[in-house]
Each structure stands twice: as structure tokens, then as C-alpha cells.
Amino acid sequence: METAFTRLVGVRHPVMQTGMGWVAGPRLVSAAANAGALGVLASATMTLDQLRAAIREVAARTEAPFGVNLRADAADAGDRVRMIVEEGVRVASFALAPSRELIAELKEAGVVVIPSVGARRHAEKVAAWGADAVVVQGGEGGGHTGEVATTVLLPQVVDAVDLPVVA
């Protein structure tokens with residue numbers, strides 16, 4: 001099935017496996033990627049050395065595109081962004097909205113940027129800063145983005161931005 005999302009990230013199916021800490025490691029990410037979805041490594045629970053090793057392990061297990069999920073509020077977010085660029089990772093997703101500067105650095109390197117949002121205004125802000133797509137994550141999806149339910153948030157974001165929206 002071809003959609004704006006599949007064309008954007010280069011996958012066969014419009015499915016994104018999320019970067020769940022301690023769960024989304026190289027085996028899960030490469031399995032998702034090999035099945036045609038976008039697999040996403042969870043980097044927040046890894047040191048920088050562990051992240052580099054995990055990226056390389058995924059790359060050894062699949063030729064398909066995959067991503068790395070980052071916490072924009074991490075003290076070493078800039079170092080993680082530079083690693084993604086150095087290692088040739090196709091997609092950077094964010095558990096919280098990244099800064100304009102992080103988005104610009106990734107975009108300049110050709111990395112697809114997909115922040116998670118929990119409010120319409122967050123989607124509008126990251127879209128204006130150059131994000132390529134957004135993930136709508138309601139309060140039931142881990143609670144990182146707020147308390148609004150995905151079923152309420154999704155139509156608001158779809159109406160607000162002209163980007164692929166993942167729910």
C-alpha cells in the first residue's frame with residue numbers, strides 16, 4: 001500500500017514500530033524493517049556507545065530503512081543527532097518535540113524528522129520548523145505527550161498540518 005508516509009520513509013507498509021525503551025532493540029527494529037514497516041530504535045535507554053552498536057547491528061540485519069527515537073530533552077540530544085547523521089540513519093523520531101535547531105541539523109543531512117505530538121499547536125509548531133511528518137500520541141500511548149486521547153487529537157492534527165500523520 002503506497003501512502004505519503006511510505007513514500008517519505010521508503011517502506012512498503014504504512015506501519016511504524018515505535019521506539020519503546022528497553023523493548024525496541026536491534027532484533028525488533030530489524031524484524032519490523034524486514035517485514036516492510038518502519039522499525040525505530042529506542043535510544044533513550046542506551047548510552048552513546050550502546051546506541052552506535054545498536055544502529056550498526058540493525059544495519060547489519062537489514063537493508064531496509066529504519067529510524068532512531070530520541071528524547072529532545074536529553075542533555076546529549078545533539079550528540080545523538082550527530083551520530084544518526086554519521087551512521088546514515090534514514091529517520092529520526094522524537095518522544096518530545098525537538099528544537100528548531102535539531103530539526104534543521106537533521107534536515108540538512110537528509111534525515112527524515114518525525115516528532116511525536118500531543119496537541120494541535122505542537123504539530124503546527126514542528127511543521128513550521130520543517131518536520132516531515134508527525135506521530136499523534138494521546139495520553140494512552142505512554143503519557144509522554146499529554147492527557148488528550150488519540151481519538152480526539154488525531155482529527156485536530158490532520159486538519160492542522162499538511163504532513164503525513166501517524167497515529
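Has segment 20-35 got any residue that is over 21 Å from residue 137 (Cα atoms), touching a strand residue (DSSP E or B) at 6+ places or on another chain (Cβ under 9 Å), part of a helix (DSSP H, G or I) and open to solvent by less than 10 Å² (accessible area, probe 1.4 Å)? Yes, segment 20-35 contains a residue that is over 21 Å from residue 137 (Cα atoms), touching a strand residue (DSSP E or B) at 6+ places or on another chain (Cβ under 9 Å), part of a helix (DSSP H, G or I) and open to solvent by less than 10 Å² (accessible area, probe 1.4 Å). Among the residues of segment 91-126, those that are under 24 Å from residue 139 (Cβ atoms) and not aliphatic (A, V, I, L, M) comprise 93, 94, 98, 99, 115, 116, 118, 120, 121, 122, 124, 125. Look at segment 96-113: where a residue is more than 14 Å from residue 67 (Cα to Cα) and part of a helix (DSSP H, G or I) and a partner is open to solvent by 70 Å² or more (accessible area, probe 1.4 Å) and small (Gly, Ala, Ser), sitting 6+ places away or on another chain with Cβ atoms under 9 Å, you get 100/128. Please enumerate the residues belonging to segment 40-55 that are touching a helix residue (DSSP H, G or I) at 6+ places or on another chain (Cβ under 7 Å) and more than 16 Å from residue 95 (Cβ to Cβ). Within segment 40-55, 48, 52, 54, 55 meet the criteria.
Could you list all residues from segment 36-48 that are buried (at least 24 other Cβ atoms within 10 Å of the Cβ) and more than 16 Å from the chain's Cα centre (by Cα)? Within segment 36-48, no residue meets the criteria.
Applying the set (1) open to solvent by 40 Å² or more (accessible area, probe 1.4 Å); (2) out of contact with any strand residue (DSSP E or B) (no Cβ under 6 Å at 6 or more places or on another chain) to residue 81 leaves exactly one unmet item: (1). When we screen 63, 86, 2 for residues that are over 15 Å from the mean Cα position of the chain (by Cα), under 24 Å from residue 161 (Cα atoms) and without any contact (Cβ under 8 Å) to a residue 40 or more places away in the chain, the only hit is 2.
The values are calculated or read from the model by the stated rules, or taken from the named source; none is laboratory data. Since the model is a prediction, treat every value here as computed from it, not as a measurement. Neighbour counts run over all protein chains shown; Cβ positions are idealised from the backbone, glycine included. We work out accessible area using only protein heavy atoms, side chains counted, and drop any ligands, DNA or RNA first. Shrake-Rupley method; radii C 1.70, N 1.55, O 1.52, S 1.80 Å.
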